[in-house]
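For reference, the structure is listed below as structure tokens.
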Amino acid sequence: MTKDDKIQLSLNIAVISAVIALVMSVVLLLNYWQVSNNDPLESEALKVLVERSFENPKDEALKQDVRRLDLLARKAFFTSKWQIKTGSYILLFSAIMLIISLRLYYSLTEKIVAPGKNNRNDYMRGLQSQKWILAIGGLVLVFALLAGYFTKSHLNDYIPESEKALSLSDEEDTNGSEIEVIEITMDSSLTPSEGVVQQDSSTSGLKQIDSTEAIVKSQAETKKTIAPYPTAKEIESNFSSFRGPWANGISKHKNIPTSWDGNTNKNILWKTEIPKHGYNSPVIWEDKIFLAGGDKESRVVYCLSKKDGKILWQREVKNVPGSTGKMPNTTDDTGLSAASVATDGRRVYAIFANGDLIAFDMDGKELWSKNFGVPDNHYGHSSSLISWKDQLFVQYDSNRGGKLFSINVHSGAIVWQTVRKCKISWASPILVDINGKKQLILASNPIVAGYDITNGKELWQLDCLYGEVGPSAGYGAGLIFAANEYAKLVAIDPADNYKIKWEDDEYLPEVSSPVVSKGLLYIATSYGALVCYNAVSGERLWEKEYDNGFYSSPIIVDNKLYAIDMGGIMHIIAITKEFKLIAEPKLNEKIVTTPAFSDGRIYIRGDKYLYCIGK
């Protein structure tokens, strides 16, 4: 390419960049003016329809009109937000290209001339003109970018005062009392892609998706209803997910029995046969117990009475949008229903090995369902669910890589998803509070990592595991614990930039998850070892060998460790530095699931029955 060709090319690029920058600047400024003067979510027509819906709470046609108008407004809003972001990037890129091309053009056309008065005047005038052009262009660019940045987000203001009043801190508690609210729900007829704009927000694979919000229900339908999601205290007073509150293996229930006998039925208050087999563990909310089961023919969610074990309702999972009906090949010790359900006292959520995720209300009415695709998993999917406020979290790791999803509990829409740089795992997420901020902690091959629950951003990761990771992480004594058989046990210190504080490689779990209480860490292995460590120093305090191995995760409750082995023997041990056995009661059934605890009772799922044990 000759010098003249380079000059012409740089000039052409400069002209095109200038035109694009000018057009984008005008568009952004006009968009700013339009959005600032028109709230797309507060149209008079929408207000009138909402008021009419309050006056006519049973008019379903009117409600549909409100939903359709609201959806159109929100689609317009998200389209505008996408245009602002895209336009800002285009404007910035074109401005950079303009500067580079002009610099190249002037460097190529610059000539050395003999000094003289006229030449100097011409040069100064040209230089002054360039400065003015650059100054004016720079101001337009800055104003346009600021207009895009400060464009008002009306959606953030579209929150009823009653819902704002319910934004309680973790320490605040409603004590289960009923609160008069206007409930915000999601239109269950929408698919996850409707009314949203998906955009890459980082190079780590994070995708932020703004979900479509719901329409206000009529006051007559929502008067004296409970808050849209539970407080932290409500969660801790129930057993709402695998391994209890926050999935961390610690329960605050008291007066838990230490004596029973499967032969004589001593202290076994009832037992109920569960029709469909499953390796998922029971979860509890107030007076209801939830389980799931599944085989090649069907997948079912069960709700039982905590009082007498009667099956209150059972719902088959079918007609899930996106589901092909294809069942994955799984092993007998995992099956099609290994992941435990989760509940927030308003809804119950279940996931199965074919990728079906479904939500029911507490009375068994289906609310929404979706399919993630059949996972490439040679044992079967077993990562359990956990929820907090209006989010349901799904760890979906397979041979094709890992993903973490946040699902809107009202609609099933994807709020965000994060692509994780890991391989397959069977562990479940735990939810912990570190430095006043909640984060999800996931264990997999080869990383242990923490994620921001608000947007899915990876906060930290540590490459420290390998193999087929089944145990979930544990948290206590200010440390994060992760372990896997044929790998190692690590204690990770958040206060030291998430570095490993200590590690051990002798006693390692295959399935059972670590648990911590009073500075003591407990590990249960599949080859029958139960071990206690000083959680802070890593000193091994004691170890016991049993005839049966452990798949069930130990739970700390009532100042005791409850660890049930695969032979059905519960090892109840005092939380002390010295080994102190309290009791070893037994059931006559193989146990691989984790017990649930509630109001002085223990609920244990065996191969065939769900048992209730109480004094």
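Throughout, read-outs are computed from the coordinates displayed, never taken from laboratory work. Being a predicted model, the structure only gives us computed values, none of them experimental. All Cβ positions, even for glycine, are placed from backbone atoms using ideal geometry, and neighbour counts span all protein chains on display.
Points worth noting:
- Summing Lys and Arg as +1 and Asp and Glu as -1 over all other residues whose Cβ lies under 9 Å from the Cβ of Val300 gives a net charge of +2.
- Cβ crowding within 10 Å, taken as a proxy for footprinting-reagent exposure, orders Tyr106, Tyr379 from fewest neighbours to most as Tyr106, Tyr379.
- By the Kirkwood approach, averaging reciprocal distances over each pair of separate Cα atoms, region 360-486 gets a hydrodynamic radius of 15.1 Å.
- Separation between Cα centres of region 489-512 and region 450-487, rounded to whole Å: 9 Å
- In plain terms, the chain from Asp599 to Leu92 could stretch by 176.4 nm, reckoned as 0.36 nm per residue minus the Cα-Cα distance.
- If R0 equals 25 Å, the separation of the Cβ atoms of Glu584 and Thr331 corresponds to a calculated FRET efficiency of about 0.25.
- Solution diffusion estimate, µm²/s, Stokes-Einstein, region 232-614, Kirkwood Rh from C-alpha pairs, 37 °C, viscosity 0.692 mPa s: 161 µm²/s
- Inter-probe distance in nm under a simple model that places probes 7 Å from Cα toward Cβ, at Lys518 and Leu108: 7.9 nm
- Exposure proxy shown here: for Met24, Met97, Met1, the number of other Cβ atoms within 10 Å sets the order, fewest to most, as Met1, Met97, Met24.
- Computed from label points 7 Å out along Cα-Cβ, the spacing between Leu459 and Ile7 is 6.0 nm.
- Ranking of Ser472, Ser398 by neighbouring Cβ atoms within 10 Å, starting from the fewest: Ser398, Ser472.
- Label point distance in nm, Val419-Asp361, each placed 7 Å from Cα along Cα→Cβ: 3.9 nm
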